[in-house]
1. For the chain, set up a GNM with springs between Cα atoms under 10 Å and report which of 243, 288, 231 has the largest fluctuation.
2. How big is the gap, in Å, between the Cα center of the stretch 265-279 and the Cα center of the stretch 162-238?
3. If you wrap a convex hull around the Cα atoms of the stretch 162-307, how much volume per residue is inside, in Å³?
4. Just to be sure I follow the definition: excluding the sites themselves, where is the longest run in the chain that has none of the trypsin sites (Lys or Arg not before Pro) in a DSSP loop with at most 14 other Cβ atoms within 10 Å?
5. Please go through the residue pairs 117/203; 7/42; 167/215; 199/242 and name each one whose alpha carbons sit more than 29 Å apart in this structure.
6. Can you compute the helix-only [θ] at 222 nm over the chain? Use -39500 (n - 2.57) per DSSP H run of at least 4 residues, normalise by all residues, nearest 500 deg cm²/dmol.
7. Would you indicate which of (1) 71, 56, 42; (2) 64, 49, 38; (3) 62, 56, 30 is the value of Cα extents along the principal axes in Å derived from the coordinates of this structure?
8. Take every Cα pair under 8 Å in the chain that's 6+ residues apart, average their separations, divide by the length, and report that relative contact order as a whole percent.
Amino acid sequence: MFISYRKHEPAHYMLKIESFSILSEAETWKIESDVFEASGHKWRLDLYPNGNDPNGNDEENEGSYISLYVVICDTEGYSNGWEVCVDVCFFVYDHLHDNYATFQDANGHRTRFHENKTTWGFDKLISLESFMEGKSGYLFKDSCVFGAEVFVVPEFTQLDRCLTMTKPPTTMNTYTWKINTFSSVTEDVLYSDVFKVGKVKWKLILYPEGNILCKGTHLSLYLGVHDAASLTDGWKVYAKFKLRLLSLDIEDDIEIETDAWFCNSVNDWGFHGFIPLCQLYDSENDFLMNDNLTVEVEIEVMGTLRYFL
C-alpha cells in the first residue's frame, strides 16, 4: 500500500461519520455507504470499523485495523463476461493538517472488476490504535471523513477503436484567460474564448462565486470540451492538465493538477472549491491585480479515442 498526502478533496465521494467511538464500541461489523456514480458506473464504500478478515484466518488482528473497500453496484444489466478496469484511491481526512491521506496499491496495479470480483480494497487500511490517536488528526471530536476516487481505465481490445496519446508542444499547450474588472462581474458563470490544444477545442469555465455546491464560499474552475453535444457519438478524450490562478508573485500561484476522461456524459472537469473567496479577495495574496483575475490551464498529456476508418 502506497500512502501520500494532498490538499484537495476526493473527486467522487466522501463519507463523514460522527460518533465513531460508538460504532467501534458497539462492534458494528460493517457500514455501507449510499451508492455514488463515478466514471460511468455505480459504486459503494464498505467500511469495517473493527476490521474485516475475508479469509477467516487472521484472528489476532481482529479489531486491530480499519478495513475499507469499494464495491461495484447495479451490474445486473451488464453483458456476460463484463470487465471494468479502474484506478482506485481511498482517502482519510487529517483534521490537524487540513489535508487528505491517500491510500493506493503500492505497485500501481489497476484493479479489474468482473462478475466474480465485485469488491476491492484494504483489509488493513489503518491500525485502530493509530486512527484513534489525537496526533494522527484522523479522528476529531469523534468525527472522521473517508473518501474515494474511482477512475475507469479503458482496455482497448476491439480492433475498431484506436487510442492515440500525445504530448502537446510546451509552446502550444497553455491557455491564459484574463478577466478584467473582476469585481464588477455579475454573471453566475463565465466561459473563456475557445482555444485549441492538439486536435481538440477547449474552454475554461469559471464560477466567480462558486457553483451550487459551494455557492458564496469558493471560486469554481473547470476545463471543458467545446460544443461537446455536436461531437460524434462515442467520442472520448483523455487529458492530464494543471489549472492555475496566477498571482503577482509566481511563487504564490495556486496550481492543481488532475486528469480526466471527457465524454458525452462528462464534458468538463475541475474543482468546485478551487480557492476560498476569502483567500481570493485578500489583498496580500495579489490575485486581483488592478481588479483583474487571471487563470490558466496547461494540458500536459492528451489521448483521443477514435474509430478506425
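Coordinate-derived values only; no laboratory data. Computed from a prediction, not measured in an experiment: that's the story for all the values here. As a convention, Cβ positions derive from the backbone with ideal geometry for all residues, glycine included, and neighbour counts pool all protein chains shown.
1. Highest fluctuation among the options: 231.
2. Computed from Cα coordinates, the inter-centre distance equals 11 Å.
3. On the way: hull volume 15.8 nm³, N = 146.
Given the Cα convex hull of the stretch 162-307, per-residue volume reads 108 Å³.
4. Numbers: sites that count: 7, 30, 110, 141, 199, 215.
Between exposed loop sites, the widest span is 216-309.
5. On the way: 117/203 39 Å; 7/42 26 Å; 167/215 35 Å; 199/242 19 Å.
In this structure, 117/203; 167/215 lie more than 29 Å apart at Cα.
6. -1000 deg cm²/dmol
7. (3)
8. Once divided by the residue count of the chain, the mean separation gives 17 percent.
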